[in-house]
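K.L.:
Next up is a structure, given as structure tokens.
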Amino acid sequence: MERRDFLKKGCVACVALGSGIVSSTLSSCNTLPIIRTDVESDRIFFDPALFTDEVSSILLRTKKLEYDVLVIKGEDSGYRAVYMNCTHNHFALSSNKKQIFCNSHGAEFDFDGNVLKGPATKKLKTFQVINDEGGKLFVHIN
């Protein structure tokens with residue numbers, strides 16, 4: 001085998017191996033469930049059964065809102081809802097089990113929407129979560 005072919009095949013093998021490692025690492029990341037739903041009369045309904053011992057937060061995605069709504073079940077069994085739009089420069093936000101953060105500029109927020117780290121200076125928009133009579137919950141977006 002010529003040196004050029006050897007290097008070419010070696011590079012292809014390294015890329016394939018590397019992407020296999022990356023994809024297996026990414027597939028083991030703990031991602032939040034995304035619930036696609038509609039807005040009815042300024043309300044986003046969701047089932048509290050979506051929350052389990054392993055799932056304490058979900059993302060609600062609608063066509064009406066530009067950004068997702070993060071719903072967090074608290075230890076007191078209460079719920080909070082936060083609009084996932086960074087107040088610094090209007091980028092979509094991400095979340096882990098401890099906080100909400102902006103991948104674009106590094107701002108960090110707690111689950112009540114308060115700024116933990118700049119460059120953001122304004123609190124995130126939050127919504128009220130209400131129990132309806134049918135055992136469902138809804139986020140009131142106005």
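The values are calculated or read from the model by the stated rules, or taken from the named source; none is laboratory data. Model, not experiment: these values are computed from the prediction. All Cβ positions, even for glycine, are placed from backbone atoms using ideal geometry, and neighbour counts span all protein chains on display.
K.L.:
Mind listing whichever residues of the stretch 74-96 are among the polar types (S, T, N, Q), closer than 20 Å to Thr31 by Cα and outside any strand (DSSP E or B)?
P.N.:
Of the residues in the stretch 74-96, the ones among the polar types (S, T, N, Q) are 77, 85, 87, 89, 94-96.
Subset that is closer than 20 Å to Thr31 by Cα: 85, 94-96.
Of everything in the stretch 74-96, just one residue is among the polar types (S, T, N, Q), closer than 20 Å to Thr31 by Cα and outside any strand (DSSP E or B), namely Asn96.
K.L.:
With respect to Val115, is the statement that it is of a type in the set (A, V, I, L, M, F, W, C), closer than 18 Å to Thr31 by Cα and in contact with a strand residue (DSSP E or B) (Cβ under 8 Å, 6 or more places away or on another chain) true?
P.N.:
Working: of a type in the set (A, V, I, L, M, F, W, C): yes; closer than 18 Å to Thr31 by Cα: no; in contact with a strand residue (DSSP E or B) (Cβ under 8 Å, 6 or more places away or on another chain): yes.
Answer is no for this residue.
This table checks each residue for (1) part of a strand (DSSP E or B); (2) in contact with a strand residue (DSSP E or B) (Cβ under 9 Å, 6 or more places away or on another chain); (3) exposed (fewer than 13 other Cβ atoms within 10 Å of the Cβ); (4) of a type in the set (S, T, N, Q).
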site	(1), (2), (3), (4)
Glu54	no, no, yes, no
Leu60	yes, yes, no, no
Lys64	no, yes, yes, no
Ile72	yes, yes, no, no
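K.L.:
When you look at Val115, is it closer than 21 Å to Arg43 by Cβ and modelled with pLDDT of 95 or more, yes or no?
P.N.:
Numbers: closer than 21 Å to Arg43 by Cβ: no; modelled with pLDDT of 95 or more: yes.
Judged against the criteria, Val115 is not a match.
Okay, residues lined up against (1) free of Cβ contacts under 8 Å to residues at least 24 places away in the same chain; (2) among the hydrophobic types (A, V, I, L, M, F, W, C); (3) outside any strand (DSSP E or B):
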{"site": "Lys98", "(1), (2), (3)": "yes, no, yes"}
{"site": "His105", "(1), (2), (3)": "yes, no, yes"}
{"site": "Phe111", "(1), (2), (3)": "no, yes, yes"}
{"site": "Gln128", "(1), (2), (3)": "no, no, no"}
